[in-house]
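Participant: This is the structure, below, for whatever I ask next.
The values are calculated or read from the model by the stated rules, or taken from the named source; none is laboratory data. Values in this document were obtained by computation on a predicted structure and should not be read as measured data. Here Cβ is always computed from backbone atoms with ideal geometry, including for glycine, and neighbour counts include all displayed protein chains. Just the protein is used for accessible areas: all its heavy atoms, side chains included, with ligands, DNA and RNA removed. Shrake-Rupley method; radii C 1.70, N 1.55, O 1.52, S 1.80 Å.
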2 protein chains.
Amino acid sequence: MDIRKYKSRDKVLVAVDCIIFGFDGKQINVLLIKRGFEPEQGKWSLMGGFVGKNENVDDAAARVLKQLTGLADIYMEQLYCFGKADRDLAGRVVSIAYSAFINSADYSEQISTDHEARWFPLSKTPSLIFDHKQMLDKAKKALREKVANHPIGFELLPFKFTLRQLQNLYEAIYETKLDKRNFTKKILSIKVLKKLKEKEKETSRKGSFYYVFDRAHYRKLEHEGIKFV
Amino acid sequence: MDIRKYKSRDKVLVAVDCIIFGFDGKQINVLLIKRGFEPEQGKWSLMGGFVGKNENVDDAAARVLKQLTGLADIYMEQLYCFGKADRDLAGRVVSIAYSAFINSADYSEQISTDHEARWFPLSKTPSLIFDHKQMLDKAKKALREKVANHPIGFELLPFKFTLRQLQNLYEAIYETKLDKRNFTKKILSIKVLKKLKEKEKETSRKGSFYYVFDRAHYRKLEHEGIKFV
DNA sequence: CCAAAAGTGTTTCTATTACACCCATGT
DNA sequence: ACATGGGTGTAATAGAAACACTTTTGG
């Protein structure tokens, strides 16, 4: 029984599409780009491109992101493979979607000046080509599920951040309000935040202390299954 | 800026590989097949095959499973896309892995007589071709994460089952012992099991009541985020 | 009557929720 | 002096964990 044969099998185009989430201190944004070629030229789309014959799919995602936005050394995670036969109007393309989390403040000038990419608040995304809306929806759902048990919240924040900023982030992700005291208590009880002596003085007279995520200490606790929310 | 062009892009083979988990009342098993063609002919492998030019990737997975095992109408879920350039010895193949959960008792004769597929206990899997071990490991991890919040445990059990069988299943998945009283209390508190009048009499003199999973009622509660373990 | 598995409650502890006031500071 | 956001504690409740004996019945 020879179900698989390599010769004479159909080859198809394989693409990657990147969903980049950013947080600006207030809301979650997603990075979109004006598509520069047909079909659907001029419409908004995720950052996408084709995988080369001898290129790892993961590497293709990083390369495409770099080419289209200038972003490099971003940790991206595979989200899902979108494989409907008719998903791309121009022919058979299987697309592997990747998502990443960055803090938009650190990167936004670099992106919008050099490239045709733009941040959109999640609540105000334009209509997207092909099945990109579906990809985005899936990524949003995965973000919610992931952020509860993994420290990716910290990817979305600047290196140092206040507890208020962290709380704003969780509130944005879950579209809910949290109690400040309970939130502080819980997040500090995990013991993966280090309080700095320095204060942030922009948003209040009193100023609020900066914290940093203690990656090293987190690694030690990781296997115990930490719940962040 | 024309990063993507459809013509002149590299096309590659796209495959699917299926990880089928089964539970026999005692342990978790995985279905493997003796590979029938080169390279690596005669070695153990997951059920795999190529995606056709006009075939949805999901459909390809179902077709391949049917062809290699006879199993049809099994709910499979996409696990991950394995995209390393050198993962297949015979050439560039991007593989999308799928996994499914069935109760091995219901299917085992059908499978092993008609086809070259065999059940292996998770603890005694032979060495596998290519990156199939990695696929299996990822599937095991996903099973653990998924089973806590989704009612897939019931896919692995026969239609009617005893609380002991259900507990055995969770114990097998998490490789741990659970307290019978606490387990019973918790699982019944979810209110998705219906107790039958009938008793299972094989494993004890006293006999233990059968239960069935109440799918309809589960659908109603689904959105509230049930925790099964 | 005995071996083997089924069935069943209570207590302790831990985690989550609800809730309100004082503090520090720049203007 | 006051407006603004920062920082903090306690009590009530719910959920998880620890723990052991009685019941049934085929042989």
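Participant: For the range B:16-40 and the range A:123-175, what is the centre-to-centre distance using only Cα atoms, to the nearest Å?
Facilitator: Taking the Cα centre of the range A:123-175 as reference, the centre of the range B:16-40 is 36 Å away.
Participant: How many nanometers, to one decimal and shortest first, lie between the label point of A:Asp86 and those of its other copies, if labels sit 7 Å from Cα toward Cβ?
Facilitator: Values, ascending and in nm: 4.1.
Participant: Taking the highest mean first, how do the peptides B:58-70, B:137-149 order by number of other beta carbon atoms within 10 angstrom per residue?
Facilitator: Top of the packing list down: B:58-70, B:137-149.
Participant: Next question, about the same structure. Rounded to the nearest 500 deg cm²/dmol, what is the calculated helix-only ellipticity per residue at 222 nm for chain B, with -39500 (n - 2.57) per DSSP H run of length n ≥ 4?
Facilitator: Calculated from helices alone, the mean residue ellipticity at 222 nm is -9000 deg cm²/dmol.
Participant: Here is a follow-up. Per the Kirkwood treatment, what hydrodynamic radius in Å, one decimal, follows for the range A:93-229 from the mean inverse distance over all distinct Cα pairs?
Facilitator: 17.0 Å
Participant: Nearest 5 percent is fine: what portion of the DSSP beta bridges confined to the protein assembly as shown is antiparallel?
Facilitator: Restricted to the protein assembly as shown, the bridges split so that about 70 percent are antiparallel.
Participant: Something else: Between B:Phe209, B:Phe21, B:Phe120, which gets the highest mean-square fluctuation from a Gaussian network model of chain B, Cα cutoff 10 Å?
Facilitator: Most flexible of the set in this elastic network: B:Phe209.
Participant: Using only protein heavy atoms and a 1.4 angstrom probe, determine the accessible area buried between A and B, summed over both sides, in Å² to the nearest 100.
Facilitator: Using a 1.4 Å probe, the pair buries roughly 4200 Å².
Participant: Also, I was wondering about something else. Among A:Ile96, A:Val64, A:Val147, pick out the residue whose Cα is farthest towards the positive end of the charge dipole of chain A, where Lys and Arg carry +1 and Asp and Glu carry -1 on C-beta, about the Cα centre.
Facilitator: Of A:Ile96, A:Val64, A:Val147, it is A:Val147.
Participant: Tell me the label-point distance for the pair A:Lys141, B:Lys133, using the 7 Å Cα-to-Cβ offset, in nm and rounded to one decimal.
Facilitator: Taking the two extended label points, one gets 3.4 nm.
Participant: Still on this structure, please answer the following. According to a simple spin-label model (label point 7 Å from Cα along Cα-to-Cβ), what is the distance in nm between A:Ala216 and A:Glu38?
Facilitator: Taking the two extended label points, one gets 5.8 nm.
Participant: Could you estimate the translational diffusion coefficient of chain B from the Stokes-Einstein equation, with Rh from the Kirkwood formula over C-alpha pairs, at 37 °C and 0.692 mPa s, in whole µm²/s?
Facilitator: Translational diffusion coefficient: 169 µm²/s.
Participant: Let me ask something else. When the accessible area of the range A:1-112 is computed with all protein chains present and a 1.4 Å probe, what percentage of it is carbon and sulfur?
Facilitator: Result for the range A:1-112: 47 percent of the exposed heavy-atom area is carbon or sulfur.
Participant: Here is a follow-up. Once you charge only the Cβ atoms, +1 for Lys and Arg and -1 for Asp and Glu, what is the size of the charge dipole of the protein assembly as shown about its Cα centre, to the nearest 20 debye?
Facilitator: 1820 debye
Participant: What average count of beta carbons from other chains do you get within 10 Å of the Cβ of residues in B:5-18?
Facilitator: For peptide B:5-18, the averaged partner shielding equals 6.
Participant: At a threshold of 8 angstrom on Cα-Cα distance, excluding pairs fewer than six apart, so keeping six or more, what relative contact order does the range A:115-229 reach in percent?
Facilitator: 28 percent
Participant: State log₁₀ I(q)/I(0) for the range A:1-70 at q = 0.29 Å⁻¹ as given by the Debye formula over alpha-carbon point scatterers of equal weight, solvent excluded.
Facilitator: Here the Debye-derived log intensity ratios amount to -1.27.
Participant: In addition: Find the accessible area per residue for the range B:150-224; the probe is 1.4 Å, ligands and nucleic acids are left out, and the unit is Å².
Facilitator: The answer is 66 Å² per residue.
Participant: Which of the listed residues, B:Ile226, A:Ile19, A:Met76, is farthest toward the dipole's positive end in the protein assembly as shown, when Lys, Arg count +1 and Asp, Glu count -1 at the beta-carbon?
Facilitator: Projecting each Cα onto the dipole axis, the largest value belongs to B:Ile226.
Participant: On alpha carbon coordinates alone, what is the Rg over Rh value for the range A:92-172, Rh being the Kirkwood radius?
Facilitator: That ratio is 0.99, to two decimals.
Participant: Quick one: dipole size for the range A:123-229, taken about the Cα centre, charges +1 on Lys/Arg Cβ and -1 on Asp/Glu Cβ, in debye to the nearest 20.
Facilitator: 520 debye
Participant: Tell me the volume per residue, in Å³, of the convex hull enclosing the alpha carbons of the range A:22-130.
Facilitator: Taking only Cα atoms, the range A:22-130 has a hull volume of 111 Å³ per residue.
Participant: For the range B:4-145, with only Lys/Arg (+1) and Asp/Glu (-1) charged at the beta-carbon, what is the dipole magnitude about the Cα centre, in debye rounded to 20?
Facilitator: About 700 debye.
Participant: State, as an integer percentage, the relative contact order of chain B based on alpha-carbon contacts under 8 Å between residues 6 or more apart.
Facilitator: Result for chain B is 21 percent.
Participant: Let me ask another. Just the number please: accessible area per residue for the range B:4-145, 1.4 Å probe, all protein chains included, in Å².
Facilitator: For the range B:4-145, the per-residue accessible area is 43 Å².
Participant: Here's another thing I want to ask about it. Could you work out the relative contact order of the range A:79-183, using alpha carbon pairs under 8 angstrom and six or more residues apart, expressed as a whole percent?
Facilitator: Dividing the mean separation by the residue count of the range A:79-183 yields 24 percent.
Participant: To the nearest whole number, what is the average tally of beta carbon atoms from other chains within 10 Å of the beta carbons of peptide B:41-53?
Facilitator: 3
Participant: Ok, one more. What average number of partner chain Cβ atoms lie no more than 10 Å from the Cβ of the residues making up A:92-98?
Facilitator: Averaged over the peptide's residues, the number is 4.
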